[in-house]
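Down below is the structure, laid out as structure tokens.
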Amino acid sequence: MITNLRIQNVALIDQVEVNFAPGLNVLTGETGAGKSILVDSINFLLGGRPVRDFVRMGAEFAQVEGIIDIEDFHVKEGLFAMGINVSDSQIMLERTMNAAGKSTCRINGRSVAVGLLKEAAALLVDVHGQHEHQSLLNPIKQLNMLDQFCQEELAPLKSQLEIKLSEYRKNERAIKAITGSGNQRQEQLEIWRFQLDEIEKAALKSGEEEELTIKRNRLSVVDRLSKNTTQAISLLYGSYNSQTAAGDQVAKAAQLITDLAKLDPTCDSLKANIIEVASMLTDITAELRNYNDELDANPAELERIETRLDIIYKTKKKYGADVETILKKQQDLTNKLDSQENSELEIKKLKAKKREIVADISAICDKISQYRQAAATKISGSITAILKDLGMKSASFSIAVTRKTATSTDGNDNVDFMISPNPGEPEKPLRRIASGGEMSRVMLAIKTVLADADKMETVIFDEVDTGVSGRTAQQVAEKLMTISRRRQILCITHLPQIAAMADTHFRIEKKLEADRTVTRVTPLPLEEATSELARLIGGAEITQATISAAREMKLLADGLKA
């Protein structure tokens, strides 16, 4: 419920503050007094697009603030889901626009995007103007309104449907991950097979490259290695009977030192050391001879090694920085191909599961549709009856529930409010009705029936009386009064019948203050409300007769409300 509305620098309004009350709040005034400005300001506050020349001439900005009391638990829950806390059952909306057209929005003092403001406002206030029936003309909104009549039955079904749709999407992802998409999958498989074949033909082994590199380097200098080895052996032990070889010289020295040790025991350490040196020279010479024997200057072996290293190099260039990386890729490719080529059984299982899920989804949607069909039939009859009370004697109203291919968490139903305003005409979607008067009455009939189911706590009617008069006007007034018993109504009207039903009456008027035209909104006590009612009855000239008629109309209205 809107409890307070403050408007600053909007069109003709310099500053206005209005405290609305529960029940039926009626706003009346002369044509051009600024009633539409009030509705435009509220629309702006609720996230709507501002009208042209919205900011008052000469002002730097326009600002609208609203304090809204919230009683309904579901509304609080919806706001909480958006991240908006309503701990004290009250919310403050604020929106400002500067002269350049840039706007800022706040909820409870926190800056928010206009999209969030609009989403939150959609739970709080419903605005209906003569040419603005978006709430009722939107098929999605129509679906939501119908669901409110069977919410208790639909809530668990929608929860089940959401779970099943999640399972369906997961199943689809699993199938796609295995099968890919047609030719693309086959192309990928061929690429993997080709890569695996190349790697397997390379027959790489860990450490092979390093070993071959060492062999290649040795074979490339085998002549020099052989020459150096031969010379080293010759220097150590030389040829037969050589007197200059190191080994022979050390052996002679060892014999002499051995003799010294026999004569002088202090030379024992020298004896041990020279014997060790002689032994080491013998070992080194043996190793050199073995090494020299193993040297192979076979050019064919060098060519074989070069060819093998070239294969390793090319394979590394295509598939990895080193042999270990390529071997890992080889294993990965093998696993992928095994998984793909042995996946037919898994695909069959997934597709069987998919059929089960689709069957479950279809069954849930069928139940949802059945509840909607039953509610639609009941609501259609009630709305048709109210339309007859509102002067549309030959009108017929129905709610068409049809199936669609796509399925969402709301099921797979299309909902269309249908109406035939005149006898002999086929029913058509409500959104195609051209008459503003008919649209207003249809909207009012729907709101009357939905009063118990609709969670909206505040409904604004801008000139709902368009195109109606006489007895129909009285019926419109009574329907508004009926709705106002369950929610707050703000109604801008020209009809005295509606004004008489007001729980709180406001007059909107233009005044000249300090050489500038301003709009004022004033709450009217009983006598002034009666005078305003007389003006609506009699026009510009108010006589004693119109005053009496106004008082009588007010008494009759109070009697109906009692």
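The values are calculated or read from the model by the stated rules, or taken from the named source; none is laboratory data. These figures come from a predicted structure and were not determined experimentally. In this analysis, Cβ positions are derived from the backbone assuming ideal geometry, glycine residues included, and neighbour counts consider all displayed protein chains. When the accessible area is computed, the model is the full protein with side chains, heavy atoms only, and any ligands, DNA or RNA have been set aside. Shrake-Rupley method; radii C 1.70, N 1.55, O 1.52, S 1.80 Å.
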Amide hydrogen neighbours beyond the local backbone of residue 491, cut-off 5 Å, H modeled: 25, 26, 27, 461
Between the stretch 14-52 and the stretch 526-557, the alpha-carbon center distance in angstrom: 24
Rounded, prolate or oblate (a/c below 1.5 giving rounded, otherwise prolate when a/b exceeds b/c) for the stretch 466-544 by Cα gyration tensor: prolate
Between 0 and 90°, nearest 10: helix 299-319 axis offset from the chain longest Cα axis: 10
Solvent-accessible area per residue for the stretch 19-130 (1.4 angstrom probe, square angstrom): 47
Neighbourhood charge, 11 Å Cβ-Cβ cut-off, centred on residue 313 and excluding it, Lys, Arg +1 and Asp, Glu -1: +2
Helix 436-449 vs. the chain, principal-axis angle (Cα, 0 to 90°, nearest 10): 80
Relative contact order of the chain, defined on C-alpha pairs under 8 angstrom at six or more residues apart (%): 22
For residue 90, distant residues with modelled amide H under 5 Å away: 70
Protein accessible area in the chain, 1.4 Å probe - carbon and sulfur %: 52
Surface accessible to a 1.4 Å probe, per residue, for the residues of the stretch 217-358, Å²: 70
23 Å Cα-Cα threshold exceeded, pairs from 164/428; 511/561; 201/314; 164/367; 158/354; 176/316: 164/428; 511/561; 176/316
Normalised contact order of the stretch 224-296, rounded percent, pairs of Cα under 8 Å and 6 or more residues apart: 36
Pair residue 160, residue 513: separation of 7 Å Cα→Cβ label points (nm): 6.2
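Could you order peptides 419-432, 19-32 by the average number of other Cβ atoms within 10 Å of their residues, highest first?
For the peptides 419-432, 19-32, the packing ranking is 19-32, 419-432.
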